Each structure stands twice: as C-alpha cells, then as structure tokens.
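**Student:** One structure, as structure tokens, below. Some questions next.
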Amino acid sequence: MITIYHNPRCRKSREGLAVLEESGKAFQVVHYLNEALTKDDVTRLLRYLDLPPMALIRTNETIWKQEFKGRELSDEALVDAMLKYPKLIERPIVVKDQKAVIGRPAEKILELLHH
C-alpha cells in the first residue's frame, strides 16, 4: 500500500497528492496534522527515509525558530518536537513498501512509484 502524509494547506503536498492521483495506483492519505503520529510512526518514517531526525524538520517554521533554533537537541528530542508540533515535519512524505521519500520535488514520488 502507498501512503502519503499530507497537509492540504501546503502547495508541495497538494502537488504530491496530484502525482499519486495521476498514477492510478491505490493509496491512502494521512492528514498528519489532524491524525496524531506516534513515536513509532515517526521512527519508522525516518528509517524508511534513511534520514536522521534533523533532516525531517522544517527549520523555517516559526515554532522552530521560537522554541528550538540554536539549541543542541538529541535525536529523541527532535522526534518529540515533531510529535508535539507536527507542522515541523517536512511534507509530503510518500511511503511505498518499506521505502519513503519527501516529495520535494514531486518527481521523487514518481521515482519511488517505479521502484
């Protein structure tokens, strides 16, 4: 099953959703700002993305700048920050099998779908 972690207010996330719709493949949508992710969810996404937690953080978000910028945070603290403030999570994330990509640019989603 293909899953997209989607924020409908984000243009890049909407572009990613359009790529999936055009692919004709079955997929599910997780509105992660409304459907709270668990620590296991985020840890699994990081493993599928093969990225450290910091690579999944949107450092231009106001909440990051106000609460976390300039602080030394452990990987666990970064995951906790994403759980508390899901807006910090890069988007969209598309998962297929046990691989995932951040759909920026949307072409990365096509590469994932064809593997």
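**Student:** Just to be sure I understand, how many residues within region 60-101 are over 21 Å from Glu15 (Cβ atoms) and not aliphatic (A, V, I, L, M)?
**Tutor:** 18
**Student:** Follow-up. If you take the residues of region 1-24 that are surrounded by 12 or more Cβ atoms within 10 Å (Cβ to Cβ) and basic (Lys, Arg), which of them is nearest to Ala81 (Cα to Cα)?
**Tutor:** Lys12
**Student:** Okay, next question. Mind listing just one residue for me: the one in region 31-58 that is among the hydroxyl-bearing types (Ser, Thr, Tyr) and touching a helix residue (DSSP H, G or I) at 6+ places or on another chain (Cβ under 8 Å) and, of those, surrounded by the most Cβ atoms within 10 Å (Cβ to Cβ)?
**Tutor:** In this case the residue turns out to be Tyr32.
Throughout, read-outs are computed from the coordinates displayed, never taken from laboratory work. These numbers come from a predicted model, not from an experiment. Don't worry about glycine lacking a Cβ; one is built from the backbone with ideal geometry, like all the others, and counts go over all protein chains shown.
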